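The values are calculated or read from the model by the stated rules, or taken from the named source; none is laboratory data. What you see is a predicted model, and the numbers here were worked out from it, not measured in a lab. Here the Cβ positions follow ideal geometry from the backbone for every residue, glycine too, while neighbour counts run over all protein chains shown.
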Amino acid sequence: MDGQHQKEILNPSLAGAWSPASLPFSARFYRPPMKDRLRMTQPIAYDFQNKCVLVIGGTSGIGWATAKAFARAGAKVAVAGLLDRGGLETELLDSGAQDAFVMALDVRFEEQVAACCDQIAARFGGIDVGLNFAGTEGPFGGIEAMDQADFDRVISINLRGVWLGMKHLIRHMLVTGGGVIINMSSSAGIKAIPNVTVYSASKHGIIGLTKGGALEHAAAGIRINAIAPGPVETGLLSRMVDGHISISDIAAGVPMKRISQPEEIANVALWLASDGASFVNGETIVVDGGMTQL
């Protein structure tokens, strides 16, 4: 980076004099050295022995990274989702899971969500941690360009799916005396992002469900929180912006000059589910490299 840009960045009075687009490409899209990238994805030591963890939407992306993180922590891990790549149970067991189970689930249908929670609770003797991570991106474009079928699909998966997951996880946790629920929102649920407005609305709604559910069931020993990631290196992000915005341009808009890895979001989920977060309830943890502060 040249001296002029360094001065502008270090001097707050000149903050309006530059933008990420004005920086040299190497400065705009910072890619950390390999040793630092490896450190970002290293597992943090937690102990979830004898705990049952259900990751809804856990067969890919952030959900799969989270399932593997809980497996490394020794949990009994159940994964439910649409994508069955085969061999997932073996991979979870090889990662350290005390037990593992994978099943198909479409979160748009209440009977499937209810049956999933019933089956996992019966198999493992209850559900200690439930994560509602199923989601879809929807089409890229303005509100007027989206048809009702696309709107209904985004809302039914992202918002109704989380509500159904909460409903049936809470039903079991009330019987067993408590638990932890973690919902997947987004930085798009914190502030508006153009051309993904319906996706953004669904993620705003998840934060509302999280806050209300946390208040309703805190006295029963159920903690409910949400995570709001910024851009993460997943298939969902690639599909969302394909042909519209490059990943490097997205990274340039993040203060840390990169997008996050799924494992970095999984680490936050581990903490929220742990006793280290025992008094954290009704919160949305933003994990976006500072992007929402701009």
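Numbers for the structure displayed
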| quantity | calculated |
| --- | --- |
| Hits in the range 166-206 - residues which are closer than 30 Å to Gln148 by Cα and either touching a His at 6+ places or on another chain (Cβ under 7 Å) or of a type in the set (Val, Ile, Thr) (or both) | Ile182, Gly189, Ile190, Ile193, Val196, Thr197, Val198, Ile206 |
| Boolean, Leu54 is over 22 Å from Asp288 (Cα atoms), touching a helix residue (DSSP H, G or I) at 6+ places or on another chain (Cβ under 7 Å), of a type outside the set (Val, Ile, Thr) and modelled with pLDDT of 95 or more | yes |
| Of the criteria (1) of a type in the set (Gly, Ala, Ser); (2) within 20 Å of the chain's Cα centre (by Cα); (3) at pLDDT 95 or above, which one Ser60 fails | (3) |
| Odd one out for Ile157, checked against (1) buried (at least 20 other Cβ atoms within 10 Å of the Cβ); (2) touching a residue at least 60 places away in the same chain (Cβ under 8 Å); (3) over 21 Å from Phe279 (Cα atoms) | (2) |
| Conditions (1) modelled with pLDDT of 95 or more; (2) closer than 28 Å to Ala188 by Cβ; (3) in contact with a helix residue (DSSP H, G or I) (Cβ under 8 Å, 6 or more places away or on another chain); number of the one not met by Thr136 | (1) |
| Residue check for Ala122: modelled with pLDDT under 95 and either of a type in the set (S, T, N, Q) or more than 19 Å from the chain's Cα centre (by Cα) (or both) | no |
| The range 163-182 residues that are closer than 17 Å to Val280 by Cα, paired with ones that are at pLDDT below 95 and aromatic (Phe, Trp, Tyr) (beta carbon under 8 Å, 6 or more apart) | none |
| Number of the exception - Ser156 against (1) assigned to a helix (DSSP H, G or I); (2) in contact with a helix residue (DSSP H, G or I) (Cβ under 9 Å, 6 or more places away or on another chain) | (2) |
| Per-region count, the range 71-118, residues more than 21 Å from Val162 (Cα to Cα) and either free of Cβ contacts under 8 Å to residues at least 24 places away in the same chain or β-branched (Val, Ile, Thr) (or both) | 7 |
| Extreme residue, farthest from Thr210 (Cα to Cα), among residues of the range 281-294 that are out of contact with any strand residue (DSSP E or B) (no Cβ under 6 Å at 6 or more places or on another chain) and part of a loop (DSSP other than H, G, I, E, B) | Leu294 |
| Filter pass, Gly189 being in contact (Cβ under 8 Å) with a residue 40 or more places away in the chain, within 24 Å of Gly290 (Cβ to Cβ), in contact with a strand residue (DSSP E or B) (Cβ under 9 Å, 6 or more places away or on another chain) and not basic (Lys, Arg) | yes |
| Subset of the range 181-199 (residues that are surrounded by fewer than 23 Cβ atoms within 10 Å (Cβ to Cβ), polar (S, T, N, Q) and either in a helix (DSSP H, G or I) or at negative phi (or both)) | Ser187, Thr197 |
